[in-house]
Amino acid sequence: MSKVFLVAGAVLVASLGIARTKQESTQEKPKDSQAATEEYKISQEDIDKKNPVKPTPEGLAAARKVYGYDCDMCHGAKGDGKGDVVDSMKLTMHDWHDPATLAGKTDGELFYIITKGKGKMMGEGDRVPPTMRWNLVNLARSYSK
């Protein structure tokens, strides 16, 4: 009789564990889908933003410093998309030396992506002042010139 209770208890515990795992994975999927959808929604207002910062040697030099800390590990030291972690993270990066790469993006879109992030890329958010983020836009554009 005690063997029956032992087996029944084991089956009950196993089935509860399986049910909980299925419930957690079902709950996570909508979050992932929602995040993926939201990350690509850039408002028309953000797309239309004009870069108030003119490219200057000083601004580009300051942007290169931030870029060296935060960006070149993926985008490459020279914006060629050949950063140190590209292979290990299985990333597909674009070469910004090709003018076509950024041709379809406005400065506002680039600013938004730098600020909020995209895919595996973390956004700079408020860690970097807006002027520096605009300088990073100018730097990205400078690679194709």
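The values are calculated or read from the model by the stated rules, or taken from the named source; none is laboratory data. Computed from a predicted model, the values in this text were never measured in an experiment. Neighbour counts run over all protein chains shown; Cβ positions are idealised from the backbone, glycine included. Please note that ligands, DNA and RNA were not included when accessible areas were found on the heavy atoms of the full protein model with its side chains. Shrake-Rupley method; radii C 1.70, N 1.55, O 1.52, S 1.80 Å.
Taking the Cβ of Glu124 as the centre, find all other residues whose Cβ is under 13 Å away and add up their charges (Lys, Arg: +1; Asp, Glu: -1). Could the numbers behind the result be given before it?
Numbers: positive: Lys116, Lys118, Arg127, Arg133; negative: Asp70, Asp126.
For residues surrounding Glu124, the net value is +2.
About its Cα centre, what dipole magnitude does the stretch 75-145 give when the only charges are +1 on Lys and Arg Cβ and -1 on Asp and Glu Cβ, stated in debye to the nearest 20? Before the final figure, lay out the partial values.
Values: 11 positive and 9 negative charges, 18 e Å.
Dipole of the stretch 75-145, to the nearest 20 debye: 80 debye.
If you take the square roots of the eigenvalues of the alpha-carbon gyration tensor of the stretch 62-145 and sort them as a ≥ b ≥ c, do you get rounded (a/c under 1.5), prolate (a/b over b/c) or oblate?
Details: a/c = 1.42, a/b = 1.14, b/c = 1.25.
Here the stretch 62-145 falls in the rounded category.
Count the net charge of all other residues whose Cβ sits under 13 Å from the Cβ of Asn51, scoring Lys and Arg as +1 and Asp and Glu as -1.
Summing Lys/Arg as +1 and Asp/Glu as -1 gives +2.
Rounded to the nearest percent, how much of the accessible area of the stretch 75-145 (1.4 Å probe, protein heavy atoms only) is carbon and sulfur?
On the way: 2260 of 4160 Å².
Result for the stretch 75-145: 54 percent of the exposed heavy-atom area is carbon or sulfur.
Which value in nm describes the separation of the simple spin-label points at Thr92 and Met73, placed 7 Å from the Cα toward the beta carbon?
With each label placed 7 Å out from Cα toward Cβ, I get 2.3 nm.
Lys and Arg at +1, Asp and Glu at -1: add these up for the other residues within a Cβ distance under 13 Å of Val86 and post the number.
On the way: positive: Lys82, Lys90, Lys120; negative: Asp72, Asp80, Asp84, Asp87, Asp95.
With Lys, Arg at +1 and Asp, Glu at -1, the net is -2.
Compute the accessible area per residue over the stretch 84-141, keeping the other protein chains in place, probe 1.4 Å, unit Å².
Details: 3390 Å² over 58 residues.
Ligands and nucleic acids excluded, the figure is 58 Å² per residue.
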